[in-house]
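S.K.: Attaching a single structure in structure tokens format; questions to follow.
The values are calculated or read from the model by the stated rules, or taken from the named source; none is laboratory data. Keep in mind that this is a model prediction, so the values were computed, not measured. Positions of Cβ are backbone-derived with ideal geometry, glycine not excepted, and every protein chain shown enters the neighbour counts.
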Amino acid sequence: MLAYDSVPMPGRRSSARVVREDLTTAVLQILSGSDKPTGSSVIHERLLGSGFRLSEPTVGRLLRALDRLGYTTRRGHLGRTLTAAGQTQLTQLRRTEHRAGNVREIVEHLRADTLESVINVLHARRGVEREIARAAAANRTARDLVRLRARYDAMRRGEQHPEGLHEMLARAAHNPVLESLYRAIREDPDVSLVVDEIATERGTHVDIRFNQRLLAALDKRDEDAAERAVVDHMDELLKTVRARWKQPRGARRPPRSAKRQNAKAAG
């Protein structure tokens, strides 16, 4: 396993390299926990104990890279200590890892294969999409409105459109945080399967009515009306999902994850 990736650091010479964040965090934590200089051999042993697979010469190159970045400083033959910049970087890396852990936890909750989990995901979507609708009403451009109208016209003609309305609305919000949250929630394959099947069963008249209300609100930059249109649409979808789940098992297809579990059991 390489100690660092050979990618040029922004604003630095091309010979500089980007140190892997997990490895950087581990080294800086080792130095942060010591009140005296720590040698590379000690750092190497502790890294091995933490599950990293790398040689001692690789650790030496890593430490020299951290020296150049100003995160560590060498104290002669005694070893290295953490600098103020290194402590700041360690704090930032810990925050990044904490946020990444939160995202992983959210993604785990979004793996829906029961009625309760599908409902939970759709509730989350409703919360995010109502804010997206408000943001889109406030921030949409003339080009966004043209694209949304083109999709609406294609739907009325019974034509397929390469982009979904909700994805286009998320982009029209021009809020990268909301768009990222929407994409994370939208990507669950089981929820998408259920929603797609329901949309097919309902036909296009429901979506056309929703599109009309939404476009009118966006055209007037009416944030409240855009939010109400989305909330009403999602509430109708939630009601349909609950009713559909009460049907006999043979009357509806199980989510994909349930199919995979059944296939494993059969094998």
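S.K.: I need a count of the residues in the range 172-183 that are of a type outside the set (Ser, Thr, Tyr) and either surrounded by fewer than 18 Cβ atoms within 10 Å (Cβ to Cβ) or more than 15 Å from the chain's Cα centre (by Cα) (or both).
M.R.: Looking only at the range 172-183, we keep the residues that are of a type outside the set (Ser, Thr, Tyr), and these are 172-179, 181, 183.
Add one more test, that the residue is either surrounded by fewer than 18 Cβ atoms within 10 Å (Cβ to Cβ) or more than 15 Å from the chain's Cα centre (by Cα) (or both), and what stays is 172-174, 176-177, 183.
The number of residues fulfilling the criteria is 6.
S.K.: Mind checking which pairs have a first residue in the range 19-31 that is modelled with pLDDT of 85 or more and a second that is among the acidic types (Asp, Glu), Cβ under 7 Å, 6 or more apart or different chains?
M.R.: Thr25/Glu97
S.K.: Suppose we keep only residues that are in contact with a Leu (Cβ under 6 Å, 6 or more places away or on another chain) and of a type outside the set (A, V, I, L, M) within the range 22-37. Which one would you say is nearest to Gly76 (Cα to Cα)?
M.R.: Pro37
S.K.: Given Leu54, Leu62, Leu93, which one is in a helix (DSSP H, G or I) and either in the same structural domain as Asp35 (by TED's automatic domain parsing) or touching a Cys at 6+ places or on another chain (Cβ under 9 Å) (or both)? Please lay out each step first, then the result.
M.R.: On the way: Leu54 fails: in a helix (DSSP H, G or I); Leu93 fails: either in the same structural domain as Asp35 (by TED's automatic domain parsing) or touching a Cys at 6+ places or on another chain (Cβ under 9 Å) (or both).
So the residue among Leu54, Leu62, Leu93 that is in a helix (DSSP H, G or I) and either in the same structural domain as Asp35 (by TED's automatic domain parsing) or touching a Cys at 6+ places or on another chain (Cβ under 9 Å) (or both) is Leu62.
S.K.: Run Asp113 past the list (1) crowded, with 17+ Cβ neighbours inside 10 Å; (2) at pLDDT 85 or above and report the number of the one that doesn't hold.
M.R.: With respect to (1) crowded, with 17+ Cβ neighbours inside 10 Å; (2) at pLDDT 85 or above, Asp113 is out only on (2).
S.K.: I'd like to know if the range 199-217 contains one or more residues that are modelled with pLDDT under 75, within 22 Å of Glu167 (Cα to Cα) and not in a helix (DSSP H, G or I).
M.R.: Taking every residue of the range 199-217 in turn, at least one turns out to be modelled with pLDDT under 75, within 22 Å of Glu167 (Cα to Cα) and not in a helix (DSSP H, G or I).
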